[in-house]
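The values are calculated or read from the model by the stated rules, or taken from the named source; none is laboratory data. The shown structure was predicted, so the numbers you read here are calculated from the model rather than taken from an experiment. With ideal geometry, Cβ positions are generated from the backbone for all residues, glycine too; neighbour counts draw on all protein chains shown. These accessible areas exclude ligands, DNA and RNA; they are computed on the full protein's heavy atoms, side chains included. Shrake-Rupley method; radii C 1.70, N 1.55, O 1.52, S 1.80 Å.
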Amino acid sequence: MSKLVLYHGSDKIISTPRFGYGKPFNDYGQGFYCTKHIELAKEWAVEAGRDGFINVYELDDKGLKILNLDDEKYSILHWITILLEHRTFSINSPLAMDGFGFLQREYHIDIDEYDAIIGYRADDSYFSFARAFLANTISIEQLEAAMQLGELGQQFLIKSEKAFSKLKFIGANQVDCTEYYPLKFARDSKARTNYNAIARAMDKEGTYLIDFVRKEK
């Protein structure tokens, strides 16, 4: 048996996370998003001029089926496919539509069978990279470099009713926005700087999504 300590940053105290709530268009779909990293959770808790709370939980993962996207059998293309399947965005060209179809055929994972999911968190700044890859404006090598530079942090999604039943609230503490919002802002600014630098540079030796599509055909 293994018991994990998880943190959830929020504008309020959440003593009883409830199954069936949450936005369906988050990275991995509907559920309760946590992290093992307390400092990241504190950043996610605050906004400019607004303090937040870090909620602390204990999860008994015995008997849970957990999808770990950091496992070596999965690649960044599995991760990006899940993001594109759950986030809302527009596909503006036939080329991008073909690329999305390819990713779904080759890298789709049926997440409905899992109780929980572990993987990187893609905020809005980093979802720009996913859209750029789909649009064939950056290569997979550039995408991987961006993810490594980003220090995105791992998130842990509590997904199934069974997983929710094993989540125990430990307590909550207030997070000062004057301390943690600058850290959050700096992380976001770094992401935007990285995106602009990478998006401006064509990777002449790199592999683009269209190259995968052509090989399939």
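Tabulated data for the structure shown
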item	result
Convex hull volume per residue in cubic angstrom - Cα atoms of segment 1-115	143 Å³
Hydrodynamic radius by Kirkwood, which averages 1/r over all alpha carbon pairs of segment 84-217, in angstrom	17.3 Å
Estimated dipole of the chain in Debye, rounded to 20 [Cβ of Lys and Arg +1, of Asp and Glu -1, Cα centre]	280 debye
Under 24 Å from the Cα of residue 168 - lysines, other chains or at least 8 residues apart	3, 12, 23, 36, 42, 62, 65, 159
Added length on full extension, which subtracts the Cα-Cα distance from 0.36 nm per residue, residue 205 to residue 106	33.3 nm
Counted charge near residue 24, where neighbours are those whose Cβ lies closer than 15 Å (Asp, Glu -1; Lys, Arg +1)	+1
Volume per residue that the Cα convex hull of segment 129-182 spans, once the total is divided by residue count, Å³	157 Å³
Dipole of segment 1-51 [Lys/Arg +1, Asp/Glu -1 at C-beta], most positive-end residue of 44, 4, 25	4
Cα convex hull of segment 48-152 - mean projected area over all directions, nm²	9.1 nm²
For segment 1-155: accessible area per residue (Å², 1.4 Å)	47 Å²
Relative contact order (%) - the chain, alpha-carbon pairs under 8 angstrom, separation at least six	30 percent
Degrees, to the nearest 10: 94-107 long Cα axis against longest axis of the chain	60 degrees
Local net charge near residue 69, Cβ-Cβ under 12 Å (Lys/Arg +1, Asp/Glu -1)	-2
